[in-house]
Amino acid sequence: MSASSPERRLQRVQHIALFDAVSLIVVAAPAAAIALCTREWFVATICIGVALCGALELAGRRRLQRRAANGLGWLCAAQLCCLGFILFYAWHLAHQKLDHHILALLPSFTREQLAELFPDPALLEDFFLGIQRLTAAILALVSLLCQGGLAFYYLRTRPAAHAVFAVPPVIESGPPPLPGQPPPLP
C-alpha cells in the first residue's frame with residue numbers, strides 16, 4: 001500500500017478533527033445542561049471542560065486551514081485535555097459511594113429478582129459497586145485509546161504539515177473581469 005501524500009494526510013486530519021470536535025460538543029454540551037439542571041456540579045464541570053476541548057479542537061483545525069502548522073499542537077492539546085477530564089471523571093466514578101436510592105428507581109419485579117439473587121444486602125451493594133467500577137474502567141480504557149490515539153496520530157502528522165506548509169500556496173492572478181462580463185473559467 002502506498003503512502004498518502006502530505007496534502008491528503010493533512011486533509012484527513014482536518015476531517016477527523018472536525019468530526020471529533022463536533023462529537024465532543026454535541027455530546028458534552030447537553031450533558032452539561034442536564035447536569036446543571038440536576039445540580040450535579042462535578043459532572044457539569046467535567047462536561048463543560050470536554051465541550052471546551054471540542055472548541056479548542058475546532059480552533060486548531062481553523063489554524064491548519066490557515067496554513068499554520070501549530071494547529072496540530074492545538075489539536076493535541078485538545079485531545080490530552082479531554083483525556084484528562086475523562087480520566088478524572090472515571091477516577092471519581094470508581095471511588096464514588098453507591099447511591100442507595102437507585103434501588104428505589106428499579107421496578108418492583110427487578111427488585112424482587114435481585115433480592116432472590118442477593119439475599120444479603122451487602123452482596124447487592126458490592127455487585128452494584130463492581131458494575132460502577134467496571135464502567136469507570138471501561139470509560140478510562142476507551143478514552144485512552146480514543147483520545148490518546150488521536151493525540152498520537154496528530155503528532156505523527158507534523159512532518160506532513162511542515163512539508164505542505166513549507167511550499168508557498170499557488171495564487172493565480174489575472175486582470176479583474178470587466179463590468180458586466182462573467183469571470184473567466186479556470
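Numbers for the structure displayed
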{"item": "Helices (runs of 4 or more DSSP H) wholly inside the stretch 66-149 containing at least 1 residues that are over 30 Å from Ile16 (Cα atoms), at pLDDT 85 or above and among the charged types (D, E, K, R)", "result": "121-143"}
{"item": "For Leu10: the one exception among (1) under 14 Å from the mean Cα position of the chain (by Cα); (2) farther than 21 Å from Leu93 by Cβ; (3) buried (at least 18 other Cβ atoms within 10 Å of the Cβ)", "result": "(1)"}
{"item": "Condition check for Ala69: of a type outside the set (Val, Ile, Thr), in contact (Cβ under 8 Å) with a residue 40 or more places away in the chain, closer than 30 Å to Ala163 by Cβ and in contact with a His (Cβ under 7 Å, 6 or more places away or on another chain)", "result": "yes"}
{"item": "Criterion violated by Tyr154 - all others in (1) surrounded by 12 or more Cβ atoms within 10 Å (Cβ to Cβ); (2) at pLDDT 85 or above; (3) over 30 Å from Arg63 (Cβ atoms) satisfied", "result": "(3)"}
{"item": "Filtered residues of the stretch 160-177 (kept if in a helix (DSSP H, G or I) and surrounded by fewer than 12 Cβ atoms within 10 Å (Cβ to Cβ))", "result": "Ala166"}
{"item": "Test: residue in the stretch 126-149 that is closer than 30 Å to Ser5 by Cα and hydroxyl-bearing (Ser, Thr, Tyr)", "result": "yes"}
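The values are calculated or read from the model by the stated rules, or taken from the named source; none is laboratory data. If you're wondering where the values come from, they're calculated on a predicted model, not measured in any experiment. Using ideal geometry, Cβ is built from the backbone for each residue, glycine included, and neighbour counts are taken over all protein chains shown.
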